[in-house]
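One structure below.
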Amino acid sequence: MMARLRASFARHPVLGSGFLLALGLVVFFAARSVAALVFWADPAHRDQPIEGWMTPRYVVQSWQLPPEVMTEILNAGPMPDRRRTLGEIAEDQGITLNDLATRITAATDAHRAASK
Amino acid sequence: MAMIPDYGLWLLGVVTFLSCLALPVPASLLMIGGGAFAAAGDFALTSISGVAYLGAVAGDQTGFAIGQRGSRLFAGIRTTSGKRAELLARAEHFFDKWGGPGVFLSRWLVSPLGPYINFIGGAARLNWLKFTAWGIAGEAVWVGLYTGLGYTFSGQIAMVADIAANISGLLAALAGAGALGWLVFRPHGPPRA
């Protein structure tokens, strides 16, 4: 059995090396998949922090907020122009993204506390 | 990710197109993100998946055509070396037998292998109609799967993208090891036809 495997390998050294490399990748991705599942199983890792690319609607959806909470935070009239990101909105208002994120988090906490 | 609201849908189509040509662009991540934006109401899910789908199908056709052109460069090798001729014959036999389902599954289940199947399929003279029929079905699953994941788990796209990337890498490595192992270690002997 071993002799036959070795003979096949000697016959096709390039493909054989590719095979070993693929086996290595199998081990690598198996380990990473397990690590990812373990990491994300922890609920603390799942709250997605505010980032500049997000739109107000995106945050409303992913944090499950009523839209009014968001409009209040942005102290604009209706929901601002579609597809404006939080990064752009912060810039418009002359504040940093961090300030805006803090405002959103505070309003979210207040809303969640009130609706308990 | 900021690129989706900024540049809109066309970017997504361009990225899925390029990903079918083995260029390192984050197509899966952008489709998950696109699905999440659709869930938030910033885009329509149909336009997100439609554009991604068109890009992917066009990319497959381009990759297949590149493979066909490239195969002419290799035409001389075929007869010069017994070992290579044997391998090429095996690869072509493999494609004849498993080409259709292989194209289908390499669109979504083992999608990292997809672009290479496009090139090899074109080079190995896989029937174009067969390639296209299985390909467009597979791309529908790929686009539906990833935009659907983003739509469903719109609050946790970092999680979904991370897990999906690793599992799809694992499946692709398994398939690659299986195919290469078959080519190298299958018993020799007179071809049984």
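Laboratory data are not the source of any read-out in this text; all were calculated from the coordinates shown. Every value quoted in this text rests on a predicted model; they were computed, and no experiment measured them. Because the Cβ atoms are built from the backbone with ideal geometry, glycine has one as well, and the counts that use them run over all protein chains shown.
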Notebook entry, point to check: Stokes-Einstein at 10 °C, 1.306 mPa s, Kirkwood radius from Cα pairs: D for the protein assembly as shown in µm² s⁻¹?
Noted result: 72 µm²/s
Margin query: What would the Debye equation give as log₁₀ I(q)/I(0) for chain A at q = 0.12, 0.17, 0.19, 0.21 Å⁻¹, counting only Cα atoms as equal point scatterers?
Written below: -0.60, -0.88, -1.00, -1.10
Item checked: From phi via Karplus (6.51, -1.76, 1.60), per-residue ³J(HN,Hα) for the stretch B:98-114 in Hz, x at Gly/Pro -> 10, x, x, x, x, 4, 4, 5, 6, 6, 9, 5, 10, 4, x, 7, x
Check: Taking only C-alpha pairs under 8 Å that are 6+ residues apart, what is the relative contact order of chain A in percent?
Finding: 20 percent
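Quick test of the membrane-span-like rule: which DSSP H helices of chain A reach at least 30 Å along their long axis (C-alpha atoms) with mean Kyte hydropathy at least 1.0? Let's see the in-between values first.
Numbers: long enough: A:13-41 (42 Å, 1.93).
Counting only whole DSSP H runs, the qualifying helices are A:13-41.
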Check: When a footprinting reagent is the concern and you count Cβ atoms within 10 Å, what order do B:66, B:48 take, fewest first?
Finding: B:66, B:48
Item checked: Shielding by partners - mean other protein chain Cβ count within 10 Å, residues of B:27-36 -> 1
Notebook entry, point to check: Would you list B:108, B:98, A:40 from fewest to most Cβ contacts within 10 Å?
Noted result: B:98, A:40, B:108
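Averaging sequence separations of C-alpha pairs under 8 Å and six or more residues apart, then dividing by the length of chain B, give the relative contact order as a whole percent. Before the final figure, lay out each step's value.
Numbers: 247 pairs, mean separation 56.2, N = 193.
Computed over chain B, the figure is 29 percent.
What is the diffusion coefficient of the stretch A:1-44 in µm²/s, taking the Kirkwood radius over Cα pairs and the Stokes-Einstein relation at 25 °C with a viscosity of 0.890 mPa s?
Numbers: Rh = 12.7 Å.
It comes out at roughly 194 µm²/s.
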Next item on the list: Could you give me the radius of gyration and the Dmax of chain B, taking only the C-alpha atoms into account and expressing both in angstrom?
Entry: 18.4, 61
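Quote the convex hull volume per residue of the stretch B:89-193, based on C-alpha atoms, as a whole number of Å³.
Values: hull volume 9.7 nm³, N = 105.
Considering the Cα atoms of the stretch B:89-193, their hull volume per residue is 92 Å³.
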Checklist line | Contact order normalised by residue count of the stretch B:1-62, Cα under 8 Å, 6+ apart, percent | finding: 44 percent
Next item on the list: Per DSSP H run of at least 4 residues, take -39500 (n - 2.57); add these up for chain B, divide by its residues and hand me the 222 nm value, nearest 500 deg cm²/dmol.
Entry: -27000 deg cm²/dmol
Notebook entry, point to check: Separation between the residue B:25 and residue B:132 pseudo-spin-labels, each 7 Å from Cα along Cα→Cβ, expressed in nm?
Noted result: 2.3 nm
Notebook entry, point to check: Cα-Cα pairs above 15 Å in the stretch B:107-152: how many percent?
Noted result: 48 percent
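Beta carbons within 10 angstrom, averaged per residue: use that to sort the peptides A:102-114, A:54-66, B:124-136, highest first.
Numbers: A:102-114: 13.9, A:54-66: 20.5, B:124-136: 17.2.
With the highest mean Cβ count within 10 Å placed first, the list reads A:54-66, B:124-136, A:102-114.
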Margin query: I need the calculated FRET efficiency for the pair residue A:39 and residue B:116, taking r as the beta carbon distance and R₀ as 35 Å, to the nearest 0.05.
Written below: 0.70
Next item on the list: Taking the Cα centre of chain A as origin, sum charge times position over the Cβ atoms of Lys and Arg (+1) and Asp and Glu (-1), and report the length of that vector in debye to the nearest 20.
Entry: 1040 debye
Margin query: Residue by residue through A:3-9, how many Cβ atoms from other chains fall within 10 Å of the Cβ on average?
Written below: 2
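Per-residue mean of other chain beta-carbon atoms within 10 angstrom of the beta-carbon, peptide A:59-66? It would help to have the intermediate numbers written out before the result.
Details: counts 2, 2, 9, 8, 1, 1, 0, 0.
Per-residue shielding by partner chains comes out at 3.
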